[in-house]
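*Asks:* Below: one structure in structure tokens.
Throughout, read-outs are computed from the coordinates displayed, never taken from laboratory work. The model shown is predicted, which means the values in this text are computed figures rather than measured ones. All Cβ positions, even for glycine, are placed from backbone atoms using ideal geometry, and neighbour counts span all protein chains on display.
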Amino acid sequence: MMGHACHAGPEGDMIEIMLPSLFALLDDLPGRPCEFDAGGSVFHSGDPIRNIHAVQSGTIHLVRHQDDGSILILQRAGPASILAEASLYSAQYHCDARAETAAVTWAIPRSTLRARLQQDPELAVVWARHLAREVQQARLQAEILFLKTVAARLDAWIAWHGSLPEKGHWSAVAHEIGVSPEALYREMARRRARRGPA
């Protein structure tokens, strides 16, 4: 059974208010804009890591291809998100990234960001805070994938996110919770049938 998410107390909230956003700090670092068409590849598993991408517009999915041919979405990076931030500490990518919509990123050289984190305590604190949030998200996703049924996984996803997106984005939710789009659609149909006519 899913537990309740933990939240920081008043002291954590105060730190949140006092510190600038990570995206604002990264936007000031040397880099270059990169544009991607919808469906375009940002990087492939095995590629050497040269840049860290801060998403300025659009949506980019970090995905892993499963042995059965299905796709698992590891991250949905929208505006003001950092794509595959853990790659800062790796030599090569371990998954693929593709633009779900037309997207623009600010590509910061990996070496530049690593050096700045060592030199700038404020950036280092904000970066650490961001990674802590991502760990929380990763743990939630791991817990969702541990659940046995589509219904249980969907309930857990909704409990975390609040509500489902528009129907056109349901396939992305299916990939995120590790089920086929068809399985998710069947579960949604069952729920509609239980509710009866509006």
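*Asks:* Collect the residues in the range 95-146 that are out of contact with any strand residue (DSSP E or B) (no Cβ under 8 Å at 6 or more places or on another chain) and among the charged types (D, E, K, R), keeping them in residue-number order.
*Replies:* Hits for the range 95-146 are 114, 116, 120, 122, 129, 133, 134, 139, 143.
*Asks:* Cβ contacts < 7 Å: first residue within 14 Å of residue 86 (Cβ to Cβ), restricted to the range 132-148; second residue surrounded by 14 or more Cβ atoms within 10 Å (Cβ to Cβ), any location; separation 6+ or different chain. Result?
*Replies:* 134/85
*Asks:* Follow-up question, since we're still on this one. Given the options 82, 158, 144, name the one that is out of contact with any His (no Cβ under 6 Å at 6 or more places or on another chain), within 23 Å of residue 31 (Cα to Cα) and among the β-branched types (Val, Ile, Thr).
*Replies:* Every option except 82 fails the conditions.
*Asks:* Which ones in the range 158-176 are closer than 17 Å to residue 100 by Cβ and loosely packed, with under 14 Cβ neighbours inside 10 Å?
*Replies:* 161, 165, 166, 167, 168, 169
*Asks:* Turning to a different aspect of this structure: Considering only the range 45-66, state which residues are in contact (Cβ under 8 Å) with a residue 12 or more places away in the chain, closer than 22 Å to residue 141 by Cα and more than 15 Å from the chain's Cα centre (by Cα).
*Replies:* 45, 65
*Asks:* Would you list the helices (runs of 4 or more DSSP H) that sit entirely within the range 63-182 and hold 3 or more residues that are over 26 Å from residue 36 (Cβ atoms) and not aliphatic (A, V, I, L, M)?
*Replies:* Fully inside the range 63-182 and qualifying: 121-146, 150-161.
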